[in-house]
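The values are calculated or read from the model by the stated rules, or taken from the named source; none is laboratory data. If you're wondering where the values come from, they're calculated on a predicted model, not measured in any experiment. Here the Cβ positions follow ideal geometry from the backbone for every residue, glycine too, while neighbour counts run over all protein chains shown.
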Amino acid sequence: MENREWDTPADRGRTGSEPAAGGDSTPVAMAGLSIAPHLGWRGPELSVAFDPQGIAGRVRRLDMPCFVVRNGHGVGVTNDGELVPLAKPSELLKPSEVPGGAVTVVAVASPISLGALGDPEFLQCYGLQAAYMAGSMANAISSEAMVIALGRAGLLGSFGAGGLTPQRLEEAIVRIQRALPEGPYAFNLIHSPHEPAVESRTVDLYIKHGVQVVEASAYLALTPHVVRYRAAGLSPDGTGGVRIGNRVIAKVSRREVAAQFLNPAPDRLLQPLVEQRMITPQQAALARQVPMADDITVEADSGGHTDNRPLVCLLPSIMDLRDQVQAAQGYGATVRVGAAGGIGTPSSALAAYMMGAAYVVTGSVNHSCVEAGTSSYVKRILAQADMADVMMAPAADMFEMGVNLQVLKRGTMFPLRARKLYELYQAYDSLEAIPGPELEKLEKQILRRSVGDVWGDCVAFFSERDPQQITRAQQDSKRRMALVFRWYLGLATRWAVTGETGRELDYQIWCGPAMGAFNDWVRGSRLEPPEARQVADVAWRMMEGAALLYRLQTLKVQGARLPVYAEVMSPS
């Protein structure tokens with residue numbers, strides 16, 4: 001019995017009693033819709049599936065070709081058989097005229113590997129199996145376990161170094177390098193405009209331990225520290241070119257920042273490094289010949305630091321800028337451009353690849369995975385989040401500048417309380433200037449400690465981390481107020497990571513709308529509960545889904561509309 005649901009577009013609108021082209025009562029592919037009108041298919045008839053379950057199973061065989069064929073039973077799908085030439089276009093043939101038992105071909109999709117999506121040079125450069133990266137989340141939320149699990153699966157993960165002490169970071173470097181001596185792995189290098197000493201010490205550790213890939217994030221402008229890291233890894237390649245030892249994947253949301261990473265390091269930053277003997281004159285000369293970054297990650301509407309830009313606008317803009325700089329500089333290798341922010345489903349991943357992204361970067365979806373360095377409470381509420389359950393709140397590391405980040409609002413009061421702190425910071429010049437009733441609410445509802453006690457904690461913390469912060473705050477009352485408020489913003493993340501009892505309403509949980517989209521995709525599947533979300537498994541299911549969607553779309557544009565989207569796209 002013919003299944004009219006799988007007809008080609010030209011067949012829709014005809015009733016089953018109307019003759020198709022060629023005068024036969026059996027519909028055939030119409031002119032211009034078949035992938036190759038002079039080709040037919042020949043193979044075992046029993047290999048052709050006509051039921052939805054069978055169709056889905058054959059579409060999912062990505063390692064095999066996929067033939068959509070039409071015979072006397074209707075339209076079906078098979079992975080077997082072969083294409084054979086026809087004497088004239090198939091729409092002009094009656095079934096009895098098709099030679100050698102062949103049947104008409106409606107559409108064909110070639111085998112596809114998951115590594116075929118994205119830029120093969122990205123895979124080769126970092127030794128990967130797929131053009132997929134898990135971006136960093138500070139305070140080791142992107143943990144050693146996460147980076148190691150991804151690396152063992154042939155995928156790139158970036159360790160969340162932000163907010164860690166030098167000792168804790170060094171322990172992570174040693175552990176990851178021991179587990180992945182040949183990689184792949186990356187470490188985050190986050191811009192610290194108010195704590196340059198922290199950024200400098202991080203670079204010291206990366207150079208000391210031979211960390212060869214960093215993910216540079218939250219940069220507003222190049223700093224001497226990221227330039228030093230880049231230049232310190234440069235050497236002649238023996239053929240007149242430059243060997244790049246320290247690779248930089250720069251995460252950006254703005255064209256003006258992207259331009260700085262697409263161009264060579266400026267002399268104003270290189271020359272002082274030479275004078276301070278942090279890099280050699282030769283390394284400075286080589287740095288003028290290569291871009292600051294090997295890869296630019298275009299960060300759209302992500303969790304954490306984000307400008308909430310739409311990826312469909314931002315990615316093409318940065319790719320166009322890359323092409324302009326490439327034409328002007330004439331680099332030997334082109335800077336690759338990847339996509340991040342909103343990547344939470346196979347559809348969003350494929351959309352990025354189809355726009356030309358060399359790779360995709362996930363973040364929020366990894367936050368709910370088993371390997372994430374956060375509490376089980378956080379993972380549970382992330383797994384329940386909807387796309388609308390996010391909002392912007394002040395960032396601890398750039399609080400005074402008014403920089404925001406995207407966080408989860410479901411199950412926490414953090415974003416509203418953090419906004420209240422920034423309102424107070426804008427309204428008053430010191431803690432002492434805050435009116436009594438406001439100060440009382442601040443201490444009881446948000447800090448839950450006196451401002452004096454909080455300041456004591458700040459002194460103890462920065463005395464070890466960056467003593468200059470205390471000196472500056474003692475000379476500037478507004479600076480002192482900022483450090484007290486940053487105490488809450490910083491600890492709110494730590495409380496979420498450790499699962500601090502009684503502080504649940506203060507948890508700061510970095511999250512973008514991709515989390516809700518991911519939850520919608522996996523609902524009803526084995527990946528719905530957070531305890532089943534292994535980070536490498538999530539990555540491969542995402543890549544598999546993107547490849548399957550590509551196959552469905554390939555068949556669709558040829559005229560084959562298969563009603564098995566749900567069966568094919570549900571995580572296996």
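Yes or no, residue by residue, for (1) modelled with pLDDT under 90; (2) closer than 23 Å to residue 567 by Cβ:
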position: 53; (1), (2): no, yes
position: 75; (1), (2): yes, yes
position: 82; (1), (2): no, no
position: 91; (1), (2): yes, no
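So, residue 426, is that one under 36 Å from the mean Cα position of the chain (by Cα) and exposed (fewer than 12 other Cβ atoms within 10 Å of the Cβ) or not? If you could, list the steps in order and put the result at the bottom.
Values: under 36 Å from the mean Cα position of the chain (by Cα): yes; exposed (fewer than 12 other Cβ atoms within 10 Å of the Cβ): yes.
For residue 426, the condition - under 36 Å from the mean Cα position of the chain (by Cα) and exposed (fewer than 12 other Cβ atoms within 10 Å of the Cβ) - is met.
Of the residues making up the stretch 553-567, those that are surrounded by fewer than 20 Cβ atoms within 10 Å (Cβ to Cβ) and assigned to a helix (DSSP H, G or I) are 553, 554, 556, 557, 565, 566, 567.
Comparison of 145, 107, 138 shows that the only residue that is assigned by TED's automatic domain parsing to the domain that holds residue 80 and surrounded by 19 or more Cβ atoms within 10 Å (Cβ to Cβ) is 107.
For the stretch 467-478, filtered to residues that are without any contact (Cβ under 8 Å) to a residue 60 or more places away in the chain and part of a helix (DSSP H, G or I), the residue that is surrounded by the fewest Cβ atoms within 10 Å (Cβ to Cβ) is 475. In this structure, is residue 181 farther than 22 Å from residue 403 by Cβ and without any contact (Cβ under 8 Å) to a residue 60 or more places away in the chain? For residue 181, the condition - farther than 22 Å from residue 403 by Cβ and without any contact (Cβ under 8 Å) to a residue 60 or more places away in the chain - is met. Among the residues of this structure, residue 339 counts as one that is in contact with a Ser or Thr (Cβ under 9 Å, 6 or more places away or on another chain) and hydrophobic (A, V, I, L, M, F, W, C). In the stretch 222-236 there is no residue that is touching a residue at least 60 places away in the same chain (Cβ under 8 Å) and small (Gly, Ala, Ser).
Give me the residue from the stretch 309-321 that is touching a residue at least 60 places away in the same chain (Cβ under 8 Å) and surrounded by fewer than 21 Cβ atoms within 10 Å (Cβ to Cβ) and, out of that set, nearest to residue 405 (Cα to Cα). Even if it seems obvious, please write down each step before you answer.
Narrowing the stretch 309-321 to residues touching a residue at least 60 places away in the same chain (Cβ under 8 Å): 314, 317-318, 321.
Then drop every residue that is not surrounded by fewer than 21 Cβ atoms within 10 Å (Cβ to Cβ), which leaves 317, 321.
Values: 317: 23, 321: 26 Å.
Across the stretch 309-321, the extreme among qualifying residues is 317.
Please work out if residue 353 is modelled with pLDDT of 95 or more and either part of a loop (DSSP other than H, G, I, E, B) or in the same structural domain as residue 148 (by TED's automatic domain parsing) (or both). Yes: the conditions hold for residue 353.
Under the condition of being of a type in the set (A, V, I, L, M) and touching a Gly at 6+ places or on another chain (Cβ under 8 Å), the residues counted in the stretch 272-326 number 6. The number of residues in the stretch 152-168 that are crowded, with 23+ Cβ neighbours inside 10 Å and modelled with pLDDT of 95 or more comes to 7. Might you let me know whether the stretch 341-349 holds any residue that is part of a helix (DSSP H, G or I), hydrophobic (A, V, I, L, M, F, W, C), within 11 Å of residue 360 (Cα to Cα) and in contact with a helix residue (DSSP H, G or I) (Cβ under 9 Å, 6 or more places away or on another chain)? The answer is yes, given that some residue of the stretch 341-349 is part of a helix (DSSP H, G or I), hydrophobic (A, V, I, L, M, F, W, C), within 11 Å of residue 360 (Cα to Cα) and in contact with a helix residue (DSSP H, G or I) (Cβ under 9 Å, 6 or more places away or on another chain). State which residue pairs qualify: first residue on the phi > 0 side of the Ramachandran plot and inside the stretch 66-83, second residue of a type in the set (S, T, N, Q) in any location, beta carbons under 7 Å apart, and separation of 6 or more residues or different chains. Qualifying pairs under 7 Å: 74/3; 81/47.
Just a yes or no: is a residue in the stretch 365-373 in contact with a Cys (Cβ under 8 Å, 6 or more places away or on another chain) and at pLDDT 95 or above? Before the answer, list the steps.
Going through the stretch 365-373, the residues in contact with a Cys (Cβ under 8 Å, 6 or more places away or on another chain) turn out to be 367.
Checking which are at pLDDT 95 or above leaves us with 367.
Yes, because at least one residue in the stretch 365-373 is in contact with a Cys (Cβ under 8 Å, 6 or more places away or on another chain) and at pLDDT 95 or above.
Give the stretch 399-430 a look and list any residue that's touching a Phe, Trp or Tyr at 6+ places or on another chain (Cβ under 8 Å), farther than 16 Å from residue 305 by Cβ and among the aliphatic types (A, V, I, L, M), or say none. If the condition is that a residue be touching a Phe, Trp or Tyr at 6+ places or on another chain (Cβ under 8 Å), farther than 16 Å from residue 305 by Cβ and among the aliphatic types (A, V, I, L, M), then 421, 424 are the ones that fit.
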